Amino acid sequence: MKASEHFNDYVTQLIDGLVELDKKNLDLAVDELVAAYANGKNVFVCGNGGSAAISEHFTCDHSKGICSDTGMLPQVQSLSSNMSLITAIANDIGYEKVFSYQLNMKANEGDVLVVVSSSGNSPNIIDALRCAKLKKLYTIALVGFDGGQALNLADIVLHVKNNNYGVVEDAHQAIMHIMAQSIRLSYLNSNTIKL
């Protein structure tokens, strides 16, 4: 298949995945993030592979991006970023604990966990969601494929129903941007967020 032919198919899949997204859940996720940011709660984000990169980008755009010109001070941390800590936990305890171990150290009741996982089945993502439930965190999952176990564990699920990793990851990246920009624009347009 020529790249130009694949391009058309890929873009169609990406558009379909975004159009079919449950917009009510998108609004609920944004509302929960706004409440966390306004009340000084921590928002933790994690993912593996390409999803780890999305969690890093989420941390940037939901920190610096939202903060610009708004006075908001989001407390956002990527659990995927400290390689020394991740490899120490993976080596000494197990890779499935690399995120939940950090949550146990850092998270408090009322904080938020955002997980990004194409399959929704990564053992460390599932362990993080279970840990978050025990610590009474609100959970948001960005998933693809059939949603995996995360579909039934997270409080809010943003499900891109596609089986192509690239399409799912691109959609998750767009969703992350949409959330950050809508939070910032809502504040700038209405100035109703109480800090």
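Numbers for the structure displayed
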{"quantity": "Criterion: more than 21 Å from Asp9 (Cα to Cα), touching a helix residue (DSSP H, G or I) at 6+ places or on another chain (Cβ under 6 Å) and either modelled with pLDDT of 95 or more or of a type outside the set (D, E, K, R) (or both) - qualifying residue of Ala141, Ala171", "calculated": "Ala141"}
{"quantity": "Any hit, segment 103-117, residues being without any contact (Cβ under 8 Å) to a residue 12 or more places away in the chain and either touching a strand residue (DSSP E or B) at 6+ places or on another chain (Cβ under 8 Å) or within 24 Å of Lys135 (Cα to Cα) (or both)", "calculated": "yes"}
{"quantity": "Helices (runs of 4 or more DSSP H) wholly inside segment 1-79 that include at least 1 residues being touching a Phe, Trp or Tyr at 6+ places or on another chain (Cβ under 7 Å) and polar (S, T, N, Q)", "calculated": "none"}
{"quantity": "Given (1) closer than 23 Å to Val160 by Cα; (2) buried (at least 20 other Cβ atoms within 10 Å of the Cβ), index of the condition Asp16 fails", "calculated": "(2)"}
{"quantity": "Leading residue by the ranking (farthest from Ala38 (Cα to Cα)) among those in segment 50-74 that are touching a helix residue (DSSP H, G or I) at 6+ places or on another chain (Cβ under 6 Å) and of a type in the set (Val, Ile, Thr)", "calculated": "Ile54"}
{"quantity": "Total residues in segment 89-120, condition β-branched (Val, Ile, Thr) and in a loop (DSSP other than H, G, I, E, B)", "calculated": "2"}
{"quantity": "Cross-chain or 6+ apart pairs with Cβ under 7 Å, segment 1-23 first and more than 23 Å from Ile140 (Cα to Cα), then outside any loop (DSSP other than H, G, I, E, B)", "calculated": "Tyr10/Val167; Gln13/Val167"}
{"quantity": "Filtered residue count, segment 121-136, keeping only those that are over 18 Å from Ile93 (Cα atoms), part of a loop (DSSP other than H, G, I, E, B) and under 16 Å from the mean Cα position of the chain (by Cα)", "calculated": "1"}
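One line per residue, one yes/no per condition, for (1) modelled with pLDDT of 95 or more; (2) within 12 Å of the chain's Cα centre (by Cα); (3) on the phi > 0 side of the Ramachandran plot:
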| residue | (1), (2), (3) |
| --- | --- |
| Val19 | yes, no, no |
| Lys24 | yes, no, no |
| Leu33 | yes, yes, no |
| Lys41 | yes, no, no |
| Cys46 | yes, yes, no |
| Gly94 | yes, no, yes |
| Ser100 | yes, no, no |
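The values are calculated or read from the model by the stated rules, or taken from the named source; none is laboratory data. All values reported here derive from a predicted model rather than from experimental measurement. FYI the Cβ positions are ideal-geometry reconstructions off the backbone, even for glycines, and counts take in every protein chain you see.
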